[in-house]
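Visitor: Next up is a structure, given as structure tokens.
Readers should treat all values here as calculations from the given coordinates under stated rules, not as data from a laboratory. Remember, predicted model here, so these are calculated numbers, not experimental data. Cβ sites come from the backbone with ideal geometry, for glycine too, and all protein chains shown count toward neighbours.
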Amino acid sequence: MNAQARQGWLLVAPATLLFVGIVATPLAMTLLLSFNGWSSTQGIVPTLTVQNYAEILSDSFFAEIFLRTLRIALWVTLICVLIGAPEAYILRRMREPWRSSFILVVIGPLLVSVVARTLGWALLLGGNGLIPLALHRLGLTSSPVSLMFTETGVVIALVHVLVPFMVLSVWASLARMDPATERAAQSLGASQITIFLRIVLPQAMPGILSGGIIVFSLAASAFATPAIIGGRRLKVASTLAYDEFLNTLNWPLGAAIAVLLLVGIVAIVVGWNRFIERRYSQVFAS
Amino acid sequence: MPYLALENIRKAYGPAVAVDRLDLGVEKGEFISLLGPSGCGKTTTLQMIAGFVEPTQGAIALDGIDLSRLAPEKRGLGIVFQSYALFPHMTVAANVAFGLEMRRVGKAEIRQRVEQALAMVGLADKGGRYPRQMSGGQQQRVALARALVIRPAILLLDEPLSNLDAKQREEMQLELRQIQRQSGTTTVLVTHDQQEALALSDRIVVMNQGRVEQIGSPFDVYERPGSAFVATFLGRTNTFSAEPTPRGLAVAGHVMMPGERPATISIRPEKVDFTTDGDGLPGRVLTRVFQGNHWLLHVETPGGLCLVIRPNDGRPLPGEGETVVLAFRARDASLSLAGSTP
């Protein structure tokens, strides 16, 4: 090993140790744990079994929860795209000092503690909250319907905190766009709507897709928001794993749920990434 | 009435005036260049014609129709941008077809006209490529095809060759001129490159600090600069202050040409010659630099430093350190009278 290579290894050593210590080791232990047995009298049984996975994959109770997690994450991603992409475009066209102040407004949700923010949503979404009352007054519901412990409520609260990630991601790809392309389209006779749909949106697509990955994986693994808004009645994968660990004390089953959630998210993200790379590598410089 | 008429145009951004009192008429089929240093208002003028910038004052008319109320997308002008502004997510053919689609031209006709346009710029077989896969020169041609395929009333070129290397630029200049002649499209070019303006234009509009300095054919503007700014901006020039004597205008006591009043003489370096008989400005050669097809000499004279360009035609030239006598023909020089600021 020459001096330069040795120096390189020395430089990456601290970060590697940290990664191995706090990410890789617990992950490996969780994986091992998920193959252990469990009984209500003995606790964890140190055998090697796939019983936990078999239980999760065969029980419709678990299937429903995983499907719900997927459904919530997909809705949150879709709504974040619909709100975030135009928001980023509007921000880009704003002039100073408006732009700086509105960027602060956009990333605002990230600056508020998750508990304070989510309890705030609980106040707004609850039976006597502002939103059900407003919907009732507008005649959209016959009586105030609480959105607490519903998927809609969870989706609303998650969109609120995850939209900034979409805005920032789309913003980054719009910053790479040559503003003259909009003018070129205009000079060729395109209306403002056509310019947005056919010139701006396709160029923002890599940002929308990578923002989608971030939003989707954060929504699928979110814990605090579904725990407070969804509560006991509306479980998602992460709160289910939490309950198995701390209420039932069935650690191996909880570990298996966590592993399946991780594998599912990684599979979706990797597939998604492949798609983006294949679709856009010819068109945009990487 | 000219085809494109700009009347008394003024554009101010707050207290800063970008363009002032601009009058310009462009005839149909003409190739005209707006030439000047950066910040002279040439790009602002182009953007006012295109409709991206609204004039503070004045009128722009195309073929007798007032353009000022027309949005950029309704003007029907072809624009080639400095960055080319190709749509990176579309193939070359789709880029060229875009303007025709906006005009709701039929599919078969679009295909045919796109093919024609790409053939015209020599890219007939490159329609399926993406802009990123092409060289700067090729992207430039796509941008030109995209602008011309809609058969624009006017073609606007915004520093179109500035991102190319010297060799490509020269090739593109010839090609651009040829394509423009072929299609007969009225063209307005914005450039800071004097050589480009001289090579391409029917007429040049020299601009400085928001004002028009001179409008004329390339030959006229170069040979008979209307102001000291034009003389120094277009090509190189030597200037001498001259005093009247009974025998004519003299530089540092040496009579150079006829004249009765104190003046500044401008003379192009290629019009200065070495003389062996009699009158002239004595000097000493400081440096002699070989530049391929010509020699560049710096000659120190009592009237100041003088630049001399001589063709590399085999005739003997004075070496560095030798003393020489400089002379020029009076009709090659231009005079501006002292006291009258150009």
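Visitor: Can you put B:Phe290, A:Phe35 in order of Cβ neighbours within 10 angstrom, beginning with the fewest?
Guide: B:Phe290, A:Phe35
Visitor: Distance between the C-alpha centers of segment A:125-203 and segment A:47-77? Whole Å please.
Guide: After rounding, the separation between the Cα centres reads 30 Å.
Visitor: While we're here: Based on Cα positions only, what radius of gyration and what Dmax would you give for segment B:117-241, in angstroms?
Guide: 16.7, 62
Visitor: How big is the Cα convex hull of segment A:14-170 in projection, averaged over all directions, in nm²?
Guide: 15.8
Visitor: Next question, about the same structure. Would you list which lysines come within 28 Å of B:Lys42, measuring only between C-alpha atoms, while excluding same-chain residues fewer than 8 positions from it?
Guide: Answer for B:Lys42, where 28 Å is the Cα cut-off: B:Lys11, B:Lys28, B:Lys74, B:Lys167, listed by chain and number.
Visitor: Computed FRET efficiency, Cβ-Cβ of A:Val45 and A:Thr25, R0 22 Å: what is it to the nearest 0.05?
Guide: Plugging the Cβ-Cβ distance into 1/(1 + (r/R0)^6) gives 0.45.
Visitor: Oh, and also: Divide by every residue of chain B the summed helix terms, -39500 (n - 2.57) for each DSSP H run of at least 4, and state the resulting mean residue ellipticity at 222 nm, rounded to the nearest 500 deg cm²/dmol.
Guide: Working: 8 runs with 84 residues, N = 342.
The helix-only estimate for chain B comes to -7500 deg cm²/dmol at 222 nm.
Visitor: Just counting partner chain Cβ atoms within 10 Å, what average do the residues of peptide A:197-210 show around their Cβ?
Guide: Per-residue shielding by partner chains comes out at 2.
Visitor: Summarise the partner chain shielding of B:80-86 as one whole number: the mean count of Cβ atoms from other chains within 10 Å of each residue's Cβ. Walk me through the numbers on the way to the answer.
Guide: Numbers: counts 2, 7, 1, 5, 4, 10, 4.
Per residue, the number of nearby Cβ atoms from other chains is 5 on average.
Visitor: Can you tell me what percent of all Cα-Cα pairs in the protein assembly as shown are more than 44 Å apart? Intermediate results must be reported in sequence, preceding the final value.
Guide: Details: 96217 of 196878 pairs.
Result for the distance tail: 49 percent.
Visitor: By how many nm would the segment from A:Ser58 to A:Leu82 lengthen if fully extended, with 0.36 nm per residue of separation less the alpha-carbon distance?
Guide: That works out to 5.0 nm of additional length.
Visitor: At B:Leu286 and B:Arg331, where each label point lies 7 Å from the Cα along Cα→Cβ, what is the point-to-point distance in nanometres?
Guide: For the pair B:Leu286/B:Arg331, the computed spacing is 3.3 nm.
Visitor: Report the relative contact order of chain A, percent, no decimals, based on alpha-carbon pairs under 8 angstrom and at least 6 residues apart.
Guide: This gives 25 percent for chain A.
Visitor: Something else now. For segment B:267-342 and segment A:227-286, what is the separation of their Cα centres, given in Å?
Guide: Using only Cα atoms to place each centre, the spacing works out to 81 Å.
Visitor: While we're here: Under the Karplus relation 6.51 cos²θ - 1.76 cosθ + 1.60, θ = phi - 60°, what is the ordered set of whole-Hz ³J(HN,Hα) values for segment B:207-215, x standing for Gly and Pro?
Guide: Ordered by residue, 3J(HN,Hα) equals 10, 8, 6, x, 10, 7, 8, 6, 10 Hz.
Visitor: For segment B:108-153, just say rounded, prolate or oblate: build the C-alpha gyration tensor, square-root its eigenvalues into a ≥ b ≥ c, call rounded for a/c under 1.5, and beyond that prolate if a/b exceeds b/c, oblate if not. Provide the component values of the computation, followed by the final result.
Guide: Details: a/c = 2.16, a/b = 1.40, b/c = 1.54.
The shape class here is oblate.
Visitor: Still on this structure, I have one more. How large is Rg/Rh for segment B:266-335, to two decimals, with Cα atoms and a Kirkwood Rh?
Guide: Value, to two decimals: 0.93.
Visitor: What ranking, highest mean first, results for peptides B:161-171, A:182-192 when packing means the other Cβ atoms within 10 Å averaged over each residue?
Guide: Those peptides, ordered most packed to least, come out A:182-192, B:161-171.
Visitor: Over every pair of different alpha-carbon atoms in segment A:60-285, take the mean of 1/r and invert it; report that Kirkwood radius in Å.
Guide: Result for segment A:60-285, one decimal place: 19.5 Å.
Visitor: So what is the 222 nm mean residue ellipticity for chain A from helices alone, if each DSSP H run of at least 4 adds -39500 (n - 2.57) and you divide by all residues, rounding to the nearest 500 deg cm²/dmol? Display every interim value, and only then the final one.
Guide: Details: 12 runs with 196 residues, N = 286.
Value at 222 nm, helices only, nearest 500: -23000 deg cm²/dmol.
Visitor: Classify segment B:175-318: rounded, prolate or oblate, from the alpha-carbon gyration tensor (a ≥ b ≥ c, eigenvalue square roots; a/c under 1.5 rounded; otherwise prolate if a/b is larger than b/c)? Numbers along the way, then the final one.
Guide: Numbers: a/c = 2.80, a/b = 1.61, b/c = 1.74.
In terms of gyration-tensor shape, oblate.
Visitor: Using label points projected 7 Å from each Cα along Cα→Cβ, tell me how many nm separate A:Arg71 and B:Arg211, to one decimal.
Guide: In this crude label model, A:Arg71 to B:Arg211 measures out at 7.5 nm.
Visitor: Using 0.36 nm per residue of separation minus the Cα-Cα distance, give me the extension gain between B:Arg21 and B:Asp273 in nm, one decimal.
Guide: That works out to 86.7 nm of additional length.
Visitor: What is the log10 of I(q)/I(0) for segment B:1-105, computed with the Debye formula using one identical point scatterer on each Cα and no solvent, at q = 0.15 Å⁻¹?
Guide: For segment B:1-105, the Cα-only Debye profile gives -0.74.
Visitor: Normalised by the number of residues in segment B:1-149, what is the relative contact order in percent for Cα pairs under 8 Å and 6+ residues apart?
Guide: For segment B:1-149, the relative contact order is 21 percent.
Visitor: Sort largest first and round to whole Å: the equivalent ellipsoid semi-axes of segment A:147-261, each the square root of five times a Cα gyration tensor eigenvalue.
Guide: 42, 15, 9
Visitor: Continuing with this model, one more query. Would you list A:His136, B:His89 from fewest to most Cβ contacts within 10 Å?
Guide: If I rank by nearby Cβ atoms, fewest first, I get A:His136, B:His89.
Visitor: Given a Förster distance of 60 angstrom, what is the FRET efficiency for A:Val266 paired with B:His294, based on the Cβ-Cβ distance and rounded to 0.05?
Guide: Using R0 = 60 Å, I get an efficiency of 0.30.
Visitor: Which order results if A:Arg176, B:Arg146, A:Arg278 are arranged by neighbouring Cβ count within 10 Å, fewest first?
Guide: A:Arg278, A:Arg176, B:Arg146
Visitor: What is the spread of the Cα atoms of chain B along each of their three principal axes, largest first, in whole Å?
Guide: The principal-axis extents, from largest down, are 77, 46, 32 Å.
Visitor: Which order do peptides B:129-138, B:76-85 fall in by mean Cβ count within 10 Å, highest first?
Guide: Most protected by this proxy first, the peptides run B:76-85, B:129-138.
Visitor: Using alpha-carbon pairs under 8 Å, 6+ residues apart, how would you state the relative contact order of chain B in percent?
Guide: Once divided by the residue count of chain B, the mean separation gives 16 percent.
Visitor: What is the log10 of I(q)/I(0) for segment A:1-105, computed with the Debye formula using one identical point scatterer on each Cα and no solvent, at q = 0.21 Å⁻¹?
Guide: Per q value, in the given order, log10 I(q)/I(0) is -1.09.
Visitor: Per residue of B:27-35, count partner chain C-beta atoms within 10 Å of its C-beta, then hand back the mean as an integer.
Guide: That average works out to 0.
Visitor: Going by average Cβ density within 10 Å per residue, which order do the peptides A:95-106, B:194-205 take, highest to lowest?
Guide: So the peptides A:95-106, B:194-205, ranked by packing, come out B:194-205, A:95-106.
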